[in-house]
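Written out below as structure tokens is the structure these notes cover.
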Amino acid sequence: MSKNNKRITAEDLWKIQRPTSPALSPDGTQACVAVTSYDMDENTGSTHLWLLSTFGGEPRELTQCGEKDGQPQWSPDGTSIAFVAKRGEGKNADEEPQLYVIAPDGGEARRVSTIATGVSHIKWFGDSSRIAFISWVWPDLKSEKAQAKRLKEKKDDKVKAHVVEHTSFRHWDHWLSDGRVPHVHVVDIKTGKCRDLFAGSKYALHTADTSKTDFDISPDGKHIAFCFNPNEDARGDQEHHIAELDIKTGKIRNLTAASPFSHRAPVYSPEGATIALLVQNMRRSMDDDLKVATIDRKSGKVAIKSAWDREINAPLKWADDAKSIYFTADEYGRLNVWRLPLNAKKPVLVVQGGTVTDFDVKADKCVFVRNNMSAAPKVFACDADGKNEAAIETFNDQLMAKFKLGEVREVTIKGWNNEPVQMWTIYPPDFDARKKWPMVHNIHGGPHANWGDNFHPRWNNQVFAAQGYVVVCVNYHGSLGWGNKFLESNTGNFGHKEHADIEATTDFMLKQGYIDANRLAASGGSYGGKMVAWMNGRNGKRMARSGGDRYKAYVCHAGCFDWVSMYAGDAGYWFNHSLMTTYWDDPKKFGEQNPITFAKYMKTPTLVIHGALDYRVPDAQGLAYYSTLKSLNVPSRLVFFPDENHWILKPQNSRLWYREYFAWLEKYVGKGAGKKR
């Protein structure tokens, strides 16, 4: 606990600097990180690159001129750092992000590319003379000039209609309707000349959350391995494959055509004989956990290397000796760095979370960004085996030292069917167990996500607790990090087990004696928002005889209200897998999992928050929920952001979000401790 007594606020969250994307130098002595700072008055953020020593020493700001300098990557020879930015002014301003390089000892950054369709997700070739990157292009056009011309025509066209026939027509907050697809390009560092490696072929990277983990460059620079979806009408619930492109000839071969899995995140071993990747058995379940596998480039054999019942994340990173692979994976509410020896089936823990959001491994060093429920993001370094861990920057130390934060406790309780579920409790900084306190559920989304040990910028439990609330976060049935059986336990039965776990959490907390049974509230976002809508109807019916819900207020952010109209979202095809039916095949089973089914029993005052640019949970979900509550004469309030998507990304919008959240809770459950018990 800090000696200072300042309570952390929403405004303070936007004073915290956010380091991301650590990239190690070839010798492991330095790390380049992108650090984002925000200005509440200007309502903007800026990102600059910093150099950190992995052996101690003061951080050094490497770039200052750009507003959005990100994705740093060291050249293999150590002489340059490449990054992506939008820079310049007037006629020299970048309309789309471009590739820049800068010397590690400073000086002016040099723009390398001028490609009209922009640059993202960069990777160096081994010879340090070329860089591969992703750019979204029209596959029918053969030249950069033609791409630039069509892009200008699209921008100038006064008709902005979206015309599509494919199933995946938008994603999160952007449309997939202009015909562009992600291609891997290569640029010469000296000349700036670019080449579309997929030009003239039928191939493209998959279009959902495309990133640098979707392709890799062979150590000899002769091949590109990449992830693609072979289906003409590509969707996220289809098997993806790994192909290899011969850069010289342009020939492409599917390396995994005979494999019964879905494949992603290819990465060549240091000597180039093997490709590591992640595989998933989607034929068994769409929620099957991802496993580490390898492709022998000579024989084409795909071999699963991990037999570990946890979801493994990209990127994969090879150890220098090619005998093991590093990755992050969730376990029991913590996101850790692990190392999998290829002669073993289970990994070895390298870095313990909290939550490790980014990491890199090179030259027997590991650098990573970690936060936890009581600590802002911070960059650390350690040996590749996890030993000698130490912080290598102090970006937020002075700010965080001002705050008196609340205690965080982790317990396991009996949830649905008396099965164990984990929960976090975050207490107010001045918590006194002799008094009675209001309690707020913070319900996570997904549903196949979790409430991890993290310092979340949108749903910050310390900021909630600082207002005088005991905050509880339960990792209900279906949460990530407890194995596939637990993850899939709510499939085809959405809502029921999760609800039981939430109510069991409330029962457990009431037994502690310091929670006021008349001052309970619940909030959630996305699927968590769906759960508070679900609870409003189910609890309303269950407790009608006793006068209504046990909770006095709900907050529903970007919540799912009606699974039928959720087909307007960006992944309607998933509901057949998640609910195990459709509304036209089995309306009864579908309705039993739908929050709207019990709408007439809703009685509890609800704050509804939504963004117009949310295509995952379309804004009509929030608007329909709010309008339904008003039609039922239920006290309700709508906060609608025309310029936000599924998240709240602008500082001033976030400040308003928190103000509305706290005002609603204070109105219906008050804040702070009541009388002594």
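The values are calculated or read from the model by the stated rules, or taken from the named source; none is laboratory data. Since we're looking at a predicted model, the values are computed, not measured. Positions of Cβ are backbone-derived with ideal geometry, glycine not excepted, and every protein chain shown enters the neighbour counts.
Checking each residue in the stretch 546-574 for being modelled with pLDDT of 95 or more, part of a loop (DSSP other than H, G, I, E, B) and small (Gly, Ala, Ser) picks out Ala558, Gly559.
Every condition in (1) under 23 Å from Asn417 (Cβ atoms); (2) part of a loop (DSSP other than H, G, I, E, B) is met by Asn539 except one, and the failing one is (2). One residue stands out in the stretch 623-677 among those that are assigned to a strand (DSSP E or B) and not hydrophobic (A, V, I, L, M, F, W, C): the one that is surrounded by the most Cβ atoms within 10 Å (Cβ to Cβ), namely Ser636.
Taking strands (runs of 3 or more DSSP E) that fall entirely within the stretch 379-498, which contain at least 2 residues that are surrounded by 24 or more Cβ atoms within 10 Å (Cβ to Cβ) and hydrophobic (A, V, I, L, M, F, W, C)? I'd like the intermediate steps shown before the answer.
Values: elements: 408-414, 420-426, 437-443, 470-475.
Here the list reads 420-426, 437-443, 470-475.
Residue-level check: of (1) without any contact (Cβ under 8 Å) to a residue 60 or more places away in the chain; (2) part of a loop (DSSP other than H, G, I, E, B); (3) crowded, with 20+ Cβ neighbours inside 10 Å; (4) aliphatic (A, V, I, L, M), Ala208 misses just (3). In the stretch 600-622, how many residues are surrounded by fewer than 21 Cβ atoms within 10 Å (Cβ to Cβ), closer than 19 Å to Val564 by Cβ and aliphatic (A, V, I, L, M)? The total comes to 1. Can you find a residue in the stretch 333-351 that is closer than 25 Å to Val463 by Cβ, crowded, with 23+ Cβ neighbours inside 10 Å and among the charged types (D, E, K, R)? Within the stretch 333-351, not a single residue is closer than 25 Å to Val463 by Cβ, crowded, with 23+ Cβ neighbours inside 10 Å and among the charged types (D, E, K, R). For the stretch 107-118, state whether one or more residues are touching a residue at least 12 places away in the same chain (Cβ under 8 Å) and either within 22 Å of Lys365 (Cβ to Cβ) or within 27 Å of the chain's Cα centre (by Cα) (or both). Yes, the stretch 107-118 has at least one match. Residues in the stretch 1-44 that are of a type in the set (A, V, I, L, M, F, W, C) and under 23 Å from Tyr469 (Cβ atoms) were compared, and the one that is surrounded by the most Cβ atoms within 10 Å (Cβ to Cβ) is Ile8.
Inside the stretch 54-72, can you point out the residues that are more than 19 Å from Glu95 (Cα to Cα), surrounded by 16 or more Cβ atoms within 10 Å (Cβ to Cβ) and not β-branched (Val, Ile, Thr)? Correct list: Pro59, Leu62, Pro72. As a summary of the residue check, Thr191 satisfies the conditions (1) exposed (fewer than 14 other Cβ atoms within 10 Å of the Cβ); (2) polar (S, T, N, Q); (3) more than 27 Å from Ser128 (Cβ to Cβ) except for the one numbered (3). Among the residues making up the stretch 323-369, those that are in a strand (DSSP E or B) and more than 23 Å from the chain's Cα centre (by Cα) are Ser324, Leu340, Pro341, Val348, Lys362, Lys365. The number of residues in the stretch 38-80 being of a type in the set (Gly, Ala, Ser), over 22 Å from Arg130 (Cα atoms) and in contact with a Ser or Thr (Cβ under 9 Å, 6 or more places away or on another chain) comes to 4.
If you check Gly192, Gly200, which single one turns out to be assigned to a loop (DSSP other than H, G, I, E, B) and either charged (D, E, K, R) or over 18 Å from Ser120 (Cβ atoms) (or both)?
The match here is Gly200.
Scanning the stretch 166-178 for any residue that is charged (D, E, K, R), in contact (Cβ under 8 Å) with a residue 12 or more places away in the chain, within 30 Å of Asn576 (Cβ to Cβ) and part of a strand (DSSP E or B) turns up at least one such residue.
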